[in-house]
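Since every read-out is calculated from the coordinates, none of them should be taken as a lab result. A quick note: this is a predicted structure, and the numbers were derived from the prediction, not measured. Cβ coordinates were reconstructed from backbone atoms using ideal geometry, including for glycine residues, and neighbour counts include every protein chain displayed.
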Amino acid sequence: MKEVDLIPIPIDTLHIGTFVQDNIYAHDSSQLLIKAGTFIDDRILERVKHLNGGKPTVFLAGLPLKSLAMPQDEMEKRRKALEKATGYDKIADEAVDYLSETAKNKSVDPVKLKVISHMLSNWMGTASSAIVLTLVNALAPVDEYLQRHCVNTAFLNGLMGKWMGLPLEAVSRLALIGLLHDCGKALMPHSILNEHRRLTVVEYEVIKTHPLHSYELLSDFPEDVRFAARGHHEKMNGTGYPDGLANDAIPIESRITAISDIYDALVAQRAYKEPRSPFNVLALLKRIAGRELDERLVNLFLTNIPKELIGKQVVLSNGTVAYVREIDYDDIEYPIVNQFGERLKTNETLYCTSMY
Ligand SMILES: [Fe+2]
C-alpha cells in the first residue's frame, strides 16, 4: 500500500461502539489492527492499544478510488446495514407505530409508549456518542423524516443528559421528551407536512400550533413532560412560541430539546431543502446561542459533538471524500480535513456538505 493512502488519526478517536469504515493500521503501518466493517468493543480496543505499543497515532487506509463519493444507492445500503446492526431500525419502526396511533386516537397512550421508552433507555445505556452521531448525521429518505426526527431528537437529548452527568433515569426521561416533543405534528395536514416548497405564512401559522397539540395529546402524561414538549420552540429572548416564555421560565428539558431539534432538522434531507453539514449547523447554533438558545447548553453541545466527528469521512463540495482531522472551536464551520494524505483547510468555496 502506498504511503499516501494512509491517513494518521489519533488513537483516542477509536471508542467502544465506533463503526470502523476502513482498515486501521498500526502507527508504523506494518500491521492491520482493525478490519473495515468492525464495531469496536472493549476487547478490540484493548488489543489495538497493546499492538500499537502505546503510540498516540494509528493509520486509516483511504484508497484513492474511494475518494469520490459513492453512489446514492450504495450509501443507502450502508445506512440500512448500520441501522440494523445497531437496532436503530427497530426503534424507528416503533416510532412509526406510535405516531400513526397518535394521529388515529388523538392521544398518546402511555402504556403503549412504555415499550419504546424501555428500548430507548436500553439504547442510551449502551450506545456510544459516536454511534448516535453517525446515525443522526446519515442522510435518509425525506418521507421518513418525522419518525426519524423523533428518534434522533430522543438520542441527542439523551446524549446531552449523559454529557451533563445525569443518572440513566434522567437521561431516559430526556430521551422520552425528545421522542414526544413533535407528536402534535401527527395531527398536522399531510399536505403541509410533506410540501416540497417553503410554507406560506398561513401554512406556517398552522404548523406553529403543533407544540400546543403535543401538549394536548400528552394529557395522560405528567404535567412536567407535557410542558417540556410544549416549550421546545420557545426562545431565550422571549420571541418563540406558543407562550413567548424567556430564559429560565422555559423548562430546561425544552431548552435541551430545542438544540437537538434544530440540529437534527437542519442536517436532515427535507422535501423543501438540502441537508446542511454538521459543521454548518454547529456554526449556526453558536451564532444563535444566548439570543435564542441557552448558551451554556449550546456550549456543552459544541464541546462534545466535534470530538465525535474527528476521523469521520465527509463529502466535500467538489464531490470528493475526505477525513475530518481538526476542528477549531473558533472556526467550527470549516474543519481541517485530510485528503490523499494531504492536510486541507476547508473554506467558503471548498467545504463539507455531509457526512459520508
Ligand atoms: Fe417542533
Yeah, region 3-62 with a ≥ b ≥ c from its alpha-carbon gyration tensor (a/c under 1.5 is rounded, else prolate when a/b outruns b/c, oblate otherwise) is oblate
How far is it, in nm, from the label point at D224 to the one at D143 when both lie 7 Å from their Cα along the line to the Cβ? 4.1 nm
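In the structure displayed, which of K49/K162; K35/K84; K77/K114; K77/K112; K55/K312; K90/K112 lie more than 22 Å apart, Cα to Cα?
From the list (K49/K162; K35/K84; K77/K114; K77/K112; K55/K312; K90/K112), the Cα-Cα distance tops 22 Å for K49/K162; K77/K114; K77/K112.
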The aspartates and glutamates whose Cα lies under 17 Å from the Cα of K345, excluding any fewer than 8 residues away in the same chain, are E326, D328, D330, D331, E333
Report the gain in length on full extension from S30 to K273: 0.36 nm times residue separation, minus Cα-Cα distance, nm rounded to one decimal. 82.9 nm
Selection from P167, L60, L293, by position along the positive dipole direction of the chain (Cβ): L60
Test of understanding: what is the full-extension gain from Y204 to V115, defined as 0.36 nm times their sequence separation minus their Cα-Cα distance? 28.7 nm
Which one of I332, C352, G319 has its Cα pushed farthest toward the positive end of the charge dipole of region 313-355, where Lys and Arg give +1 and Asp and Glu give -1 at the Cβ? G319
How much net charge surrounds G290 when only other residues with a Cβ under 11 Å from its Cβ are counted (Lys, Arg +1; Asp, Glu -1)? +2
Karplus-derived 3J(HN,Hα), 6.51/-1.76/1.60, for each residue of region 238-244, Hz, glycine and proline x: x, 9, x, 9, x, 10, x
Cβ-placed point charges (K, R +1; D, E -1), dipole of the chain about Cα centre in debye, nearest 20: 480 debye
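Average the reciprocal distances over every distinct pair of alpha-carbons in region 313-355, invert the result, and give the Kirkwood radius in Å.
Numbers: mean 1/r = 0.0995 Å⁻¹.
The answer is 10.1 Å.
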Hey, for a label at L350 modelled as a point 7 Å past Cα toward Cβ, could you say which residues of region 297-328 have their backbone N under 13 Å away? 316-323
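Just rank I192, I116, fewest to most, by other beta-carbon atoms within 10 angstrom.
Working: I192 15, I116 21.
Least crowded to most crowded, the residues run I192, I116.
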In terms of the alpha carbon gyration tensor, root eigenvalues a ≥ b ≥ c, rounded if a/c is under 1.5 and otherwise prolate when a/b exceeds b/c or oblate, region 72-309 is rounded
Zone reached by a paramagnetic label modelled 7 Å from D12 Cα along Cα→Cβ, restricted to region 132-175 with backbone N below 18 Å, covers 163
Out of G178, A140, T303, whose Cα points farthest toward the positive end of the dipole of the chain (charges: +1 Lys, Arg; -1 Asp, Glu; placed on Cβ)? A140
Between N299 and L187, what length in nm is gained on full extension when 0.36 nm per residue of separation is reduced by their alpha carbon distance? 36.9 nm
Counting alpha carbon pairs within less than 8 Å and at least 6 residues apart, what relative contact order, in whole percent, applies to the chain? 15 percent
